[in-house]
Amino acid sequence: MLLMLALLVTVERPVVVSSLTTAQLVEQCRGKDDDPLPSFCSGYIIGVFDTLSQTQQICPAPSHASTNDMVATVRKYLRKRGEKATAAPAFVVRDALKSAFPCARSPRKRK
């Protein structure tokens, strides 16, 4: 899994070898979006979140979201778009997180 997440940093859509399919992740994430109990679903989402945060691909504001809110946001995304997704599950979660926690573009320097 660490290798798969490392690939998120270097390439937009590489070929990913994973024993987990997006359909399986969607199945694991069924239930209430705001379920606070730890599960495979929440652990997977938090792992992708941490990787993207550390590599500054997403920019969460700690004062505006909790871990439960973040996981609920991704679970909603998976429920709405996950079954139609053709990308590897890490990329589907990445897309949800990038949508929820975009980084502000830095203004261009004037010459």
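Neighbour counts of other Cβ atoms within 10 Å put Lys84, Lys98 in the fewest-to-most order Lys84, Lys98. Residues in region 67-77 carry Karplus couplings, in order, of 4, 4, 5, 5, 4, 4, 4, 5, 4, 4, 4 Hz; the curve used is 6.51 cos²θ - 1.76 cosθ + 1.60 with θ = phi - 60°, and Gly or Pro positions show x. By the beta-carbon count within 10 Å of each Cβ, the least crowded to most crowded order of Phe49, Phe40, fewest first, is Phe40, Phe49.
Only the coordinates and a few stated rules stand behind these numbers; no lab work does. Computed from a predicted model, the values in this text were never measured in an experiment. With ideal geometry, Cβ positions are generated from the backbone for all residues, glycine too; neighbour counts draw on all protein chains shown.
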